[in-house]
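Peer 1: Handing you a structure now.
Just so it is clear, none of the values below were taken in a lab; they were calculated from the coordinates. Keep in mind the model is a prediction, meaning the values are calculated, not measured. No Cβ is skipped: glycine too gets one built from the backbone with ideal geometry, and neighbour counts run over all protein chains shown.
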Amino acid sequence: MQMTWSERPQLRDADLQACRALLRGGSRSFYAASFLLPVTVREPASALYAFCRIADDVIDEAGGDAHAVADLKARIEAAYRGEPRSIAYDRAFAATVERFAIPQSLPEALIEGFAWDVAQRRYQTLDDLLGYAARVAGTVGAMMCLLMGRRDAQTLARATDLGMAMQLTNIARDVGEDARAGRLYLPLDWCREEALDVDAWMANPVFCPAVARCVARLLEAADGLYARGYRGIFELPRDCQRGIRAAGLLYANIGHEVARRGFDSVTSRAVVSGRRKLAILTSALGTARTFDSPASSAVHDASRFLIDAVVLSPAPLVSPQPGKAFRWWKLHAHGIRIIDLLETLERRQRQASARPVQTINRYAGEVPGS
């Protein structure tokens with residue numbers, strides 16, 4: 001009988017090292033943030049995020065090629081059959097989704113959101129935009145929730161709220177950058193209310209009061225989702241609470257910086273200083289369970305399909321075990337190197353890559369540990 005991935009420690013360790021190396025080189029924000037999580041969450045999160053990162057890269061490099069999306073779906077299907085491709089990231093991903101009973105519809109929803117980026121899809125209403133945010137960020141919140149051993153609808157709803165809030169902050173921060181790449185995420189009905197000629201503005205994206213008001217509305221919507229998401233943090237394992245709280249507060253502060261600049265995210269991109277990040281992170285890690293108010297049981301329509309997929313699926317046979325918490329009192333020993341990179345759900349590169357399509361095969365072959 002063939003040994004499983006988990007029963008082959010050398011292969012397992014090599015695959016996880018490959019995932020960590022990928023994140024260290026290309027997703028440094030997640031790599032740094034992961035040190036705030038217990039190792040029992042950090043390792044499967046690295047495997048999950050590495051596969052998602054590769055999926056994002058492949059679709060960006062495809063330049064709109066539908067075959068790339070189909071191939072990624074095939075890779076997910078193979079992983080869920082227990083027959084992942086002979087690639088470190090795929091093997092680690094397959095083992096993770098099996099161990100934590102992550103419904104297949106969650107990573108598939110993430111891929112769908114990536115495909116919408118490639119198609120340069122626009123969104124008529126805020127609800128439409130939240131449907132996108134649920135796919136590219138709410139899915140990550142839900143999957144991280146499962147890695148922490150939480151599968152109840154209330155905690156999942158708050159995790160997806162926090163993910164969607166972060167994505168709205170990303171969009172508000174990057175309005176000008178996205179427009180110059182030919183992408184618009186502001187709800188079109190808001191633009192019409194502001195008498196903003198979208199096509200003319202996209203041809204020459206400059207800051208104006210109409211755009212400022214749209215950005216302000218977007219950040220207001222994000223603030224509402226942050227408030228809901230924060231109320232679910234105390235439902236997470238105690239050794240995970242500080243890290244998730246810190247990520248949420250740091251992301252929300254990006255929105256505060258945009259507001260401080262008069263909601264101008266067209267002229268330049270808002271950046272939170274390292275000193276400010278240190279103050280926020282120290283505050284966030286200094287006290288746990290600040291958000292002990294009862295969590296809402298409400299589920300946002302945009303993320304309901306994600307939560308239903310989890311609640312209606314079987315739980316893992318073995319529940320995740322608590323791990324050793326991050327030693328937050330030694331924060332200064334890690335210094336700015338970590339906090340400057342702690343944007344757990346950093347905005348993905350939405351601009352379709354100008355690199356040749358054949359580079360898609362970069363991740364198709366063997367890697368160390370295969």
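Peer 1: Calculate, for Ser105 and Arg260, the FRET efficiency according to 1/(1 + (r/R0)^6) with r their C-beta to C-beta distance and R0 41 Å; round to the nearest 0.05. Walk me through the numbers before you get to the answer.
Peer 2: Numbers: r = 39 Å, r/R0 = 0.96.
E between Ser105 and Arg260, to the nearest 0.05, is 0.55.
Peer 1: Using Cβ counts within 10 Å as a stand-in for footprinting exposure, how do Phe93, Phe263, Phe305 rank, fewest first?
Peer 2: Details: Phe93 30, Phe263 23, Phe305 16.
Ordered from fewest to most neighbouring Cβ atoms within 10 Å, Phe93, Phe263, Phe305 come out as Phe305, Phe263, Phe93.
Peer 1: Here's another thing I want to ask about it. Only counting other Cβ atoms within 10 Å, I'd like His67, His256, His300 sorted with the fewest neighbours first. Before the final figure, lay out each step's value.
Peer 2: Details: His67 10, His256 15, His300 20.
Going from least to most buried by this count: His67, His256, His300.
Peer 1: Further, regarding this structure: Kirkwood hydrodynamic radius of the range 66-149 from all distinct Cα pairs, in Å?
Peer 2: On the way: mean 1/r = 0.0731 Å⁻¹.
So the Kirkwood estimate lands at 13.7 Å.
Peer 1: Let me ask something additional. Determine ³J(HN,Hα), in whole Hz, for all residues of the range 92-103 in sequence, where each value follows from phi through the Karplus function 6.51 cos²θ - 1.76 cosθ + 1.60 and θ = phi - 60°; x replaces Gly and Pro.
Peer 2: Residue by residue, the range 92-103 yields 5, 4, 4, 5, 5, 5, 6, 4, 9, 6, 7, x Hz.
Peer 1: Which order do the peptides 202-213, 71-82 come out in when sorted by mean C-beta neighbours inside 10 angstrom, highest first?
Peer 2: Details: 202-213: 14.7, 71-82: 17.0.
Ranking the peptides 202-213, 71-82 by packing returns 71-82, 202-213.
Peer 1: Let me ask something else about it. Report, in cubic angstrom per residue, the convex hull volume of the C-alpha atoms of the range 37-92.
Peer 2: Details: hull volume 4.2 nm³, N = 56.
Normalising the Cα hull of the range 37-92 by residue number yields 75 Å³.
Peer 1: Next up: Hey, rough spin-label estimate for Val271 and Ala315, points 7 angstrom out along Cα→Cβ, what's it come to in nanometres?
Peer 2: Placing both labels 7 Å beyond Cα along the Cβ direction yields 4.7 nm.
Peer 1: Also: Considering just Cα atoms, how many Å³ per residue does the convex hull of the range 180-270 enclose?
Peer 2: On the way: hull volume 9.7 nm³, N = 91.
Once divided by residue count, the hull of the range 180-270 is 107 Å³.
Peer 1: Simple spin-label model, 7 Å along Cα-to-Cβ: Val39 to Asn204 in nm?
Peer 2: Calculated label separation equals 6.0 nm.
Peer 1: Tally Lys and Arg at +1 and Asp and Glu at -1 over the other residues with C-beta under 13 Å from the C-beta of Cys19: what net charge comes out? Write down the numbers at each step before the final one.
Peer 2: On the way: positive: Arg12, Arg20, Arg24, Arg42, Arg53, Arg91; negative: Asp13, Asp15, Glu43, Asp90.
Net charge around Cys19: +2.
Peer 1: Which order do Met164, Met148 fall in if you start with the one that has the fewest other Cβ atoms within 10 Å? Write out the running numbers ahead of the final one.
Peer 2: Numbers: Met164 31, Met148 26.
The order, fewest Cβ neighbours first, is Met148, Met164.
Peer 1: A further question follows. When the Cα centres of the range 207-233 and the range 134-148 are compared, how far apart do they sit, in Å?
Peer 2: 20 Å
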